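Inspection log for the structure reproduced underneath, given as structure tokens.
The values are calculated or read from the model by the stated rules, or taken from the named source; none is laboratory data. Everything numeric in this text was worked out from a predicted model, so none of it was measured. For neighbour counting, all protein chains shown are included, and Cβ atoms are generated from backbone atoms with ideal geometry for every residue, glycine included.
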Amino acid sequence: MGAIPFCPNPRCQHHLRAPRARWYSCIGAHPTQAFGPVPRFRCRSCGRTFSTQTFSIDYWAKKVVDYRDLLTRHASSASVRAIGRGLGLSCGSVLNRFDRLSRQALALHASLRPLARRYESVCADGLVGFDVSQYFVNEITISVTAGSRFVLDFSHATRRRSGRMTAAQHERSGELYARVEFERAAVARSFRDILDSLDKERPPSQWRPLVLITDEKGEYAEAIHASRLWREQDESRRIAHIPVSSRLPRTFRNPLFPSNYLEREIRKDQAGHHRETTCFSRNVSNAMARLACYLIHHNYRKRYSAKAPVWDRRVHADVAGIAREEVDRAVEDMFSRRDFLSRISLPRTLERIWKRQFMTPLKTKPEYLPAFALG
């Protein structure tokens, strides 16, 4: 790589912005099997030693993996085990690479999301699946723009199983639920996360009110009416909520078509979200990391329309108003240059995924997070 961009020590004065003058010293190199000789340096200000690998997505990795190939396979409905067989990796190594790539994807999305046009209506709906077993239903609330179908935000909630159950299933659910402490009003909380993001990044104005389209779920209406967006609206700050029946045909004319379309794509392209699949999520944090990778692929790599002419290579971010040069640069950096949490500003929803703060049902210990992920 070229010049060292900054000091990796978050407490160093050269961490956020390094001077033009030479602020580090070369202290040799160390051999590695995966990357060959790796040059090492020392910061003249804080004394921290580091190498070129410190700024690479493969920091502390022992094997080189093509992340573009990994993401393409993931977005083509391949399961973790199938990806491992194709790349010659164990399932643990595949999950490790998804964990790394998800942090890069979250940083990319946090930097480009505010650049999208703000006048589009927003659809919000929940993608329902399950974690660990069908007794632990998950509902992933996803907000997407109505015209460009650009994913804005997403949040996870775990709830109890609903619907009819046999006597044996009732007994089994009682045994499992006695071992788990569920979050109260988790679905409403996940929707409030979406509203908070909209309030910060897409605040309504006098000439451009915020139009929010959801289904008729009661938790959504209650959360909207209790939100600051709704309570503090006036003539210069308007929000409109359009509830749509989930029983309407899922056609292009349905106001919730963007959410329905995205759900169809996730069900089709993600092995863990297929109907009646054996590839369901065993770990919530891992599942959210993989979903983050897929949704960023949807926004910044996937063509907006499969039926468009061959020459039309627009992605959803293009249609949302983000300059293609910015998208190409950010995607290229995502696959190579490591992002530091201390140098970026993440919304609460994305930070929760980065720090692996989702608890898996029946698991008592917190999720493992490598120390360098907090750097």
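Here's the yes/no breakdown for (1) under 27 Å from Asp328 (Cβ atoms); (2) in contact with a strand residue (DSSP E or B) (Cβ under 6 Å, 6 or more places away or on another chain); (3) not assigned by TED's automatic domain parsing to the domain that holds Glu351:
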site	(1), (2), (3)
His74	yes, no, no
Arg81	no, no, no
Gly86	yes, no, no
Ser90	no, no, no
Ala124	no, yes, no
Phe130	no, yes, no
Gln134	no, no, no
Ser148	yes, no, no
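Has region 273-290 got at least one residue that is more than 26 Å from Asp215 (Cβ to Cβ), in a loop (DSSP other than H, G, I, E, B) and of a type in the set (Asp, Glu)?
No: region 273-290 contains no residue that is more than 26 Å from Asp215 (Cβ to Cβ), in a loop (DSSP other than H, G, I, E, B) and of a type in the set (Asp, Glu).
Here are the criteria: (1) within 17 Å of the chain's Cα centre (by Cα); (2) under 22 Å from Arg301 (Cβ atoms). Tell me which single one Ser148 does not satisfy.
Exception for Ser148: condition (1).
Looking only at region 284-319, which residues are polar (S, T, N, Q) and either surrounded by 17 or more Cβ atoms within 10 Å (Cβ to Cβ) or under 10 Å from the mean Cα position of the chain (by Cα) (or both)?
Correct list: Ser285, Asn286, Asn299.
Give the residue that is farthest from the chain's Cα centre (by Cα), with candidates limited to residues of region 31-45 that are of a type in the set (A, V, I, L, M, F, W, C) and modelled with pLDDT under 95.
Val38
Tell me the residue from Ile266, Ile322 that is out of contact with any Asp or Glu (no Cβ under 9 Å at 6 or more places or on another chain), surrounded by 18 or more Cβ atoms within 10 Å (Cβ to Cβ) and part of a helix (DSSP H, G or I), please.
Ile266
Only one of Arg97, Arg113 is touching a Leu at 6+ places or on another chain (Cβ under 8 Å), basic (Lys, Arg) and within 25 Å of Glu219 (Cβ to Cβ). Can you tell me which?
Arg113
Do you know which residues across region 102-128 are under 17 Å from Glu367 (Cα atoms) and either among the aliphatic types (A, V, I, L, M) or touching a Cys at 6+ places or on another chain (Cβ under 8 Å) (or both)?
Once the filter is applied, which keeps residues that are under 17 Å from Glu367 (Cα atoms) and either among the aliphatic types (A, V, I, L, M) or touching a Cys at 6+ places or on another chain (Cβ under 8 Å) (or both), region 102-128 yields only Ser102.
Only residues that are under 23 Å from Ser197 (Cβ atoms), not in a helix (DSSP H, G or I) and not small (Gly, Ala, Ser): list them for region 325-346, please.
Those that are under 23 Å from Ser197 (Cβ atoms), not in a helix (DSSP H, G or I) and not small (Gly, Ala, Ser): Asp339, Phe340, Ile344, Leu346.
If we scan region 212-234, do we find a residue that is farther than 21 Å from Ala105 by Cβ, of a type in the set (Val, Ile, Thr) and touching a residue at least 40 places away in the same chain (Cβ under 8 Å)?
Yes; the residues of region 212-234 include at least one that is farther than 21 Å from Ala105 by Cβ, of a type in the set (Val, Ile, Thr) and touching a residue at least 40 places away in the same chain (Cβ under 8 Å).
Looking at region 329-354, which of its residues are surrounded by fewer than 18 Cβ atoms within 10 Å (Cβ to Cβ), more than 15 Å from the chain's Cα centre (by Cα) and either outside the structural domain of Pro370 (by TED's automatic domain parsing) or charged (D, E, K, R) (or both)?
If the condition is that a residue be surrounded by fewer than 18 Cβ atoms within 10 Å (Cβ to Cβ), more than 15 Å from the chain's Cα centre (by Cα) and either outside the structural domain of Pro370 (by TED's automatic domain parsing) or charged (D, E, K, R) (or both), then Arg329, Glu332, Asp333, Arg337, Arg343 are the ones that fit.
When region 1-18 is examined, which residues are found to be over 15 Å from Phe340 (Cβ atoms) and surrounded by 10 or more Cβ atoms within 10 Å (Cβ to Cβ)?
If the condition is that a residue be over 15 Å from Phe340 (Cβ atoms) and surrounded by 10 or more Cβ atoms within 10 Å (Cβ to Cβ), then Met1, Gln13 are the ones that fit.
Suppose we filter region 205-220 for residues that are within 17 Å of Leu256 (Cβ to Cβ) and either surrounded by 14 or more Cβ atoms within 10 Å (Cβ to Cβ) or in contact with a Cys (Cβ under 8 Å, 6 or more places away or on another chain) (or both); how many remain?
Residues in region 205-220 being within 17 Å of Leu256 (Cβ to Cβ) and either surrounded by 14 or more Cβ atoms within 10 Å (Cβ to Cβ) or in contact with a Cys (Cβ under 8 Å, 6 or more places away or on another chain) (or both): 9 in total.
Determine which member of the set Arg118, Arg113, Arg202, Arg164 is surrounded by fewer than 16 Cβ atoms within 10 Å (Cβ to Cβ), basic (Lys, Arg) and either in contact (Cβ under 8 Å) with a residue 24 or more places away in the chain or at negative phi (or both).
Just a single option satisfies the conditions, and that option is Arg164.
Quick one: Tyr261 ticks every box in (1) surrounded by fewer than 14 Cβ atoms within 10 Å (Cβ to Cβ); (2) assigned to a helix (DSSP H, G or I) except a single one, so which number is it?
Failed condition: (1).
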